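Peer 1: Please find one structure pasted underneath; my questions will follow.
Coordinate-derived values only; no laboratory data. Only a predicted model underlies this, so the values are computations on that prediction, with no experimental measurement involved. Here the Cβ positions follow ideal geometry from the backbone for every residue, glycine too, while neighbour counts run over all protein chains shown.
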Amino acid sequence: MNIALLGFGFVGQGVWHILQSNREQLAMKLGLHETDVKLQVVGVRDCQKARDNGLPASIPVTDDIASILADPSIELVIEAIGGEYPAYQYIQDALVSGKHVVTANKEVIAKHQQALFQLAHDHRVILACEAAVGGSIPLIRSLRVGFAANKIQSVMGILNGTTNYMLTRMLADSMPYDAALKEAQALGFAEADPTMDVSGMDVAYKVIILAGVAFHVDISIDAIPVEGIESVQLADMLHAQDMGYVVKLIGAITATDHGLAVRVCPMLLPDTHAMASVSNEVNALFLHGDCVGDAMMVGKGAGGIPTASAILSDVVAIGASTSTPVSLKPAQLVPLGDQETAMYMRLSVQDHVGVLEQVTHVLSQAGVSLKTVIQKNQGDEASIILITHPVKESVIQGLQLNELAAVLRIDAMVRVV
């Protein structure tokens, strides 16, 4: 199998490292001699930088990507460049030229999966993207093959290692958000520009891909309510811990009678939940199938070697002629306002007699029942901390608590799993 690798950053270097160290094992799984598994060429923007990063002189390197895609001897292209463009065009051109493609590019797959899978089908090649969702965890293959007999009823996951690391550190050491971000950047978990991670968009792209695999639908990124962790405050994480919860950034899809309820946002998980102990840069997916019930997969979700491991698992699967889906149907989504969830709220109020009664009266009038109520006095102010029973999002958003004279501000609102 002649392989071309596009990109030689952390992921590309990881691919090269595993190809070198585990070549015999990979070849055996492909039914080939190890000399028949060959990295034929590496395509990069800067050839000298690739050499400086450890690419040996024995491997040809070029910045002429078009020549690689036009080379009839290349059977499979690994795209490890990242970003939507020019990666999207390279993947298209490779498929059209009759080459299998393996990619870890979540943005390209999420935005263009319908067109790209159709293109792969039309040209009788395979497009594989296991590494785009769970890093080292074989989420796509598990959903497509391992749980094939099931109607998947829900999936929810911790799907971003950067934000999970930050939230873990914030709670464990009472660390402010900015300090946790700087530490994640210093360790290489977060980019210099962490917007994609902390805004929740990275998780949103992964949720779209999971929806295609688990529910056979194509969802536009604009249709998903997305909230990141920028507004998560340490005070609320500590209050949640006192009440038996932990805050996690969750991507969730639930099948309802009215369509799919999809969201990406920080949520409170009960500390007894299987995902509550998933910490640092580790990712997890928790699903419910009609046959298997609850199931969970856990593993490293980021880093060059874990991602490269998933890429090469796709290479082996392609060698074994694993097929990819062809068509996805339009998704019927439940509007955010119609989705039901319990809600954690923290209010700063005047420390007067009867204020708690005023707050609970507003909630009662709106049909919101309470599971937990805590009041903490802080000088002239007090904090009222509430957890509601499940209620429609539109009801919560329609509450007029801030119109009460005694309510100074609404400090936090976080959904509860």
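Peer 1: Specify whether the C-alpha gyration tensor of the range 339-416 places it in the rounded, prolate or oblate class, a ≥ b ≥ c being the square roots of the eigenvalues: rounded for a/c under 1.5, otherwise prolate if a/b is larger than b/c and oblate if not.
Peer 2: Values: a/c = 1.93, a/b = 1.67, b/c = 1.16.
Cα axes put the range 339-416 in the prolate bin.
Peer 1: Compute the acute angle (0 to 90°) between the alpha-carbon long axis of helix 161-172 and the principal axis of greatest extent of the alpha-carbon atoms of the chain; round to the nearest 10°.
Peer 2: Result, in degrees: 40.
Peer 1: Which log10 I(q)/I(0) values, to two decimals, does the range 125-177 give at q = 0.16, 0.20, 0.23, 0.27 Å⁻¹ under the Debye formula with one point per Cα?
Peer 2: The Cα Debye sum returns log10 ratios of -0.65, -0.82, -0.93, -1.07.
Peer 1: Sorted by mean Cβ packing within 10 Å, highest first, what order do the peptides 225-232, 361-368 take?
Peer 2: Numbers: 225-232: 18.5, 361-368: 13.9.
Final packing ranking: 225-232, 361-368.
Peer 1: When the Kirkwood hydrodynamic radius is evaluated over all pairs of different C-alpha atoms of the range 1-119, what value in angstrom, to one decimal, is obtained? Don't skip to the answer; put the middle values down first.
Peer 2: Working: mean 1/r = 0.0684 Å⁻¹.
In the range 1-119 this quantity evaluates to 14.6 Å.
Peer 1: Order the peptides 305-314, 155-164, 59-68 from the highest to the lowest mean number of other Cβ atoms within 10 Å of their residues.
Peer 2: On the way: 305-314: 23.7, 155-164: 27.1, 59-68: 15.1.
Order by mean packing, descending: 155-164, 305-314, 59-68.
Peer 1: Next up: Can you give the direction-averaged projected area of the convex hull of the alpha-carbon atoms in the chain, in nm²? Let's see the in-between values first.
Peer 2: Numbers: hull surface 85.4 nm².
Taking the Cα atoms of the chain, their convex hull projects to 21.3 nm² on average.
Peer 1: Quick check: Cα centre of the range 159-198 to Cα centre of the range 81-135, how many Å?
Peer 2: The range 159-198 and the range 81-135 have Cα centres separated by 29 Å.
Peer 1: Exposure proxy check: TYR205, TYR177 ranked by fewest other beta carbons within 10 Å? It would help to have the intermediate numbers written out before the result.
Peer 2: On the way: TYR205 26, TYR177 18.
Final ranking by Cβ density, sparse to dense: TYR177, TYR205.
Peer 1: Working from Cα positions, state the angle (0 to 90°, nearest 10) between the long axis of helix 106-122 and the longest principal axis of the chain.
Peer 2: Long axis of 106-122 versus the principal axis of the chain: about 40 degrees.
Peer 1: Please work out the FRET efficiency for the pair GLU84 and ARG23, using the Cβ-Cβ distance as r and a Förster radius of 25 Å; give the result to the nearest 0.05. Don't skip to the end; give the middle numbers.
Peer 2: Numbers: r = 32 Å, r/R0 = 1.28.
Working from the Cβ atoms, E equals 0.20.
Peer 1: For helix 201-215, what angle does its Cα long axis make with the longest principal axis of the chain, in degrees from 0 to 90 and rounded to 10?
Peer 2: On a 0 to 90 degree scale, this one is about 70.
Peer 1: Which aspartates and glutamates, if any, have their Cα less than 20 Å from the Cα of LYS182, not counting same-chain residues under 8 positions apart?
Peer 2: ASP173, GLU191, ASP193, ASP197, ASP202, GLU230, GLU281
Peer 1: Taking the highest mean first, how do the peptides 181-188, 382-389 order by number of other beta carbon atoms within 10 angstrom per residue? Don't skip to the end; give the middle numbers.
Peer 2: On the way: 181-188: 16.1, 382-389: 19.2.
Descending mean neighbour count gives 382-389, 181-188.
Peer 1: Among the lysines, which have Cα under 22 Å from the Cα of LYS29 when same-chain residues fewer than 8 positions away are ignored?
Peer 2: Answer for LYS29, where 22 Å is the Cα cut-off: LYS38, LYS99, listed by chain and number.
Peer 1: Once you've got the Cα coordinates, tell me which of LYS111/LYS300; LYS111/LYS206; LYS106/LYS300; LYS371/LYS392; LYS248/LYS300 are over 19 Å apart.
Peer 2: Details: LYS111/LYS300 24 Å; LYS111/LYS206 11 Å; LYS106/LYS300 16 Å; LYS371/LYS392 15 Å; LYS248/LYS300 16 Å.
Checking Cα-Cα distances, LYS111/LYS300 exceed 19 Å.
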